[in-house]
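The values are calculated or read from the model by the stated rules, or taken from the named source; none is laboratory data. Note that the structure is a prediction, hence the values are computed from the model and not measured. Reconstructed Cβ throughout: ideal geometry from the backbone, glycine too, with neighbour counts over all protein chains shown. Please note that ligands, DNA and RNA were not included when accessible areas were found on the heavy atoms of the full protein model with its side chains. Shrake-Rupley method; radii C 1.70, N 1.55, O 1.52, S 1.80 Å.
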Amino acid sequence: MTADPRKVPSPGTGADFTSGVDAYAPEELHGVPEPGVSAPSEKRLSLRSPRAALEPERVPEPNRPSRRARHPLVVAGSGVFTIILLVAIGAGFGLALGKQRLDGPGPLERSRIVNIPRNVGPRDIADLLQREGVIDQKWIFLGDILVAKDWGKLKSGEYEFKKQASLREVIDTLVEGKVFQHHLTIPEGLTSEQVIQRLLDNDVLAGNIKDIPKEGTILPDTYSFTRSSTREQLIQHMQQEQRRLIQDIWNRRAPDLPIKSPEQLVVLASLIEKETGKPDERTRIAAVFTNRLKLKMRLQSDPTIIYGLVGGKGTLGRPILRSEIDQPTPYNTYVIDGLPPGPIANPGRASLEAAASPARTKELYFVADGTGGHAFAENLDQHQKNVARLRQLEQQKEAPQAAPWRLPLHPRQRPLRRRPVSRARLRRGPPPLRTGSPRHHLASRRSPSRRRPEPAKRRSPHRNDLPPIAAPASRDIGCSLPRFGSSAHEAADRCRLPVGLVRGEARG
């Protein structure tokens, strides 16, 4: 049995060694610390045998994870966080793509009006816009209004989308409620009944009209409205604008105006509106009426006669008769004194301004000058001259402009002098129609012995160039004589002309 070398006494000494202590290790490792060094902080080294050195070193086992890290809530939270991260990345990519699609041009090739009905959701609106071609992808539309928190802000109505409108412009239009505005123009000088008829003819407005508004309470202008507007609402708006305008003009009226109330101002303005349509004559006609009112003269306005006869219809459709001028009606200013009891039309802004501020003239008469305007006069003699001038112009227009119309005859179509015809020639029958050049006519009049033969293919260049011979204006204008191959009797029967005249025209 081999002794353990670690139990052999140290050479040179007879002392025994302590069990478990390497005899060949330095003294500082025998458990005796050096001065100034603490024993526990030093790593103890030991010598190993060759066999022990060949054995693999033992690797320390890894630390076991804590039970807190393996808790199900921690695992679930980690998964949720991962999903949220992936969703955020996808949402960011989608937002970038959606922003590009929002600002890009839309698919509309031309402007289009789309009516969004009431009580519909965003999905229905997106489907409608896609069917109308306003948008091409409704999911981007829905995603944008969801992100922008505009899901419940889309408004119904009729909208006009411009050509290639972007998706952002479409959404802004629906959110802000920029509905399409329709327009209706009410011309100056219409009666209230005519205005109501225009409102009824408009198929965009809704609702019925209860009562016809009073004459002169509607302001002629161009009005804007939406498809959901009613006719009663538009009438109320017209009346409100008229009251506001009349009050403003009445506050700025001339101080010496011979009218007492804003209602009389509207009556005077309606007369001015119906008398002329030229802007530069309104103040002069207003001056004529105000001068007559100051002098207690009758206004003698023809439109008041027409309104007294037809009422709200507005037009008579024919000239005024003499008996109608003297016919008494509440509105006939040839019979009554002063202003009529009410307006005869709805005057516009310009006529109201002219009635409130007439021109400073002494003119008392005016009459049409035949050119669309009027000739004004300060006294009766000058007015009668203007009337005589107007009558002369009317007579010139009614006179015939020219002599009865006749077709001009071609030089070759002028009739020749009629010659007496012998009985023998009548028995032989009518000669054939002869047309062509003068040389051909001269050759045909020669005797048979002197007639010079002509080639069969030689023809006059004028044969096919002669214009048709027309009948006189008192007969059938559309009749034309044949040039070749017909006799004078056939031509006379067709055109209902004497045979001799036809023969002469054909030969001429």
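Couple of notes before you dig in:
- Residue satisfying all of: in the range 261-288; of a type in the set (Asp, Glu) and out of contact with any helix residue (DSSP H, G or I) (no Cβ under 7 Å at 6 or more places or on another chain); surrounded by the fewest Cβ atoms within 10 Å (Cβ to Cβ) among these: 280
- The range 93-112, subset among the hydrophobic types (A, V, I, L, M, F, W, C), surrounded by 11 or more Cβ atoms within 10 Å (Cβ to Cβ) and not in a loop (DSSP other than H, G, I, E, B), residue modelled with the highest pLDDT: 102
- Whichever residue in the range 113-144 is touching a Gly at 6+ places or on another chain (Cβ under 8 Å) and open to solvent by 80 Å² or more (accessible area, probe 1.4 Å) and, among such residues, is modelled with the highest pLDDT: 115
- Test: residue 363 is touching a Lys or Arg at 6+ places or on another chain (Cβ under 7 Å), at pLDDT 90 or above and surrounded by fewer than 16 Cβ atoms within 10 Å (Cβ to Cβ): no
- The range 370-401, subset touching a residue at least 40 places away in the same chain (Cβ under 8 Å) and in contact with a strand residue (DSSP E or B) (Cβ under 8 Å, 6 or more places away or on another chain), residue most open to solvent (accessible area, probe 1.4 Å): 374
- From the list 249, 306, the one residue that fits, being open to solvent by 10 Å² or more (accessible area, probe 1.4 Å) and among the aliphatic types (A, V, I, L, M), is 306.
- Looking only at the range 154-185, and only at residues there that are over 30 Å from residue 200 (Cβ atoms) and among the basic types (Lys, Arg), the one that is nearest to the chain's Cα centre (by Cα): 162
- Number of the exception - residue 291 against (1) touching a residue at least 60 places away in the same chain (Cβ under 8 Å); (2) surrounded by 16 or more Cβ atoms within 10 Å (Cβ to Cβ); (3) under 45 Å from the mean Cα position of the chain (by Cα): (3)
- For the range 187-215, a residue qualifies if it is under 25 Å from residue 157 (Cα atoms), hydrophobic (A, V, I, L, M, F, W, C) and either touching a residue at least 60 places away in the same chain (Cβ under 8 Å) or not in a helix (DSSP H, G or I) (or both), and the qualifying residues are 204, 205, 206, 209.
- Odd one out for residue 231, checked against (1) farther than 18 Å from residue 345 by Cβ; (2) in contact (Cβ under 8 Å) with a residue 60 or more places away in the chain: (2)
- Restricting the first member to the range 258-280 and to residues that are of a type in the set (Val, Ile, Thr), and the second to residues that are part of a loop (DSSP other than H, G, I, E, B) and surrounded by fewer than 17 Cβ atoms within 10 Å (Cβ to Cβ), the beta-carbon pairs closer than 8 Å and six or more apart or on different chains are 267/342; 276/373.
- Residue list for the range 153-174, restricted to those being part of a loop (DSSP other than H, G, I, E, B) and either without any contact (Cβ under 8 Å) to a residue 12 or more places away in the chain or touching a helix residue (DSSP H, G or I) at 6+ places or on another chain (Cβ under 7 Å) (or both): 153, 154, 155, 166
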